[in-house]
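Trainee: Mind having a look at this structure? Questions to follow.
The values are calculated or read from the model by the stated rules, or taken from the named source; none is laboratory data. All values derive from a computational prediction rather than experimental measurement. FYI the Cβ positions are ideal-geometry reconstructions off the backbone, even for glycines, and counts take in every protein chain you see.
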Amino acid sequence: MRRMAKYVYLAYFGGSLYVTFEVFWRGRSHWTMFVLAAVLFLIIGGLNEIWTGWKLVPQAVTGAIIATVAELVTGCIVNIWLGLNIWDYSDMPGNLLGQICPQFTLLWIVLSALAIVLDDIIRWRFFGEDKPHYRL
């Protein structure tokens, strides 16, 4: 039960934080972005659980790749298939189907690093897991 509570808390935190960022950045968000961000926060934040070297940069780059693929899949479903038009990167150089672009992949590196660190701090402070100690 405690493990489930931890993952629910982490997912809620990650989803809420991302939606907050998005509202400040774009002035709006969508509930599907909360769901995507919650899932990504769990996956990206959990990289330290399987990647025991505590190297932040490779984890952040891996997280950005995961996030970009997830954004492409989600975009194809919610924007193209369902026609919700939540975002459109068609005017960005190097975009793929208007759903992803290199500029936002670079931003995902920064957001992934933030997610990894915040996930580890929450796990350490609230759930008694190892204290974070990173190397670049």
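Trainee: Would the stretch 21-29 turn up any residue that is at pLDDT below 95, within 24 Å of residue 131 (Cβ to Cβ) and outside any loop (DSSP other than H, G, I, E, B)?
Mentor: Scanning the stretch 21-29, I find no residue that is at pLDDT below 95, within 24 Å of residue 131 (Cβ to Cβ) and outside any loop (DSSP other than H, G, I, E, B), so the answer is no.
Trainee: Please go through the stretch 40-60 and pick out each residue that is within 16 Å of residue 118 (Cα to Cα) and among the β-branched types (Val, Ile, Thr).
Mentor: 43, 44, 57
Trainee: Which residue is surrounded by the most Cβ atoms within 10 Å (Cβ to Cβ), if the candidates are limited to the stretch 73-87 and must be assigned to a loop (DSSP other than H, G, I, E, B) and within 21 Å of the chain's Cα centre (by Cα)?
Mentor: 87
Trainee: If you don't mind, there's one more thing I want to ask. Kindly check whether there is at least one residue in the stretch 40-50 that is modelled with pLDDT under 95, within 13 Å of the chain's Cα centre (by Cα) and either assigned to a helix (DSSP H, G or I) or aromatic (Phe, Trp, Tyr) (or both). Full working, then the answer.
Mentor: Within the stretch 40-50, the first condition is being modelled with pLDDT under 95, and the residues that meet it are 45-50.
Then keep just the ones that are within 13 Å of the chain's Cα centre (by Cα); that gives 45-47.
Subsequent filtering for residues that are either assigned to a helix (DSSP H, G or I) or aromatic (Phe, Trp, Tyr) (or both) retains 45, 47.
Scanning the stretch 40-50, I find at least one residue that is modelled with pLDDT under 95, within 13 Å of the chain's Cα centre (by Cα) and either assigned to a helix (DSSP H, G or I) or aromatic (Phe, Trp, Tyr) (or both), so the answer is yes.
Trainee: Could you count how many residues in the stretch 88-136 are of a type outside the set (Lys, Arg), at pLDDT below 95 and assigned to a loop (DSSP other than H, G, I, E, B)?
Mentor: Qualifying residue count, the stretch 88-136: 7.
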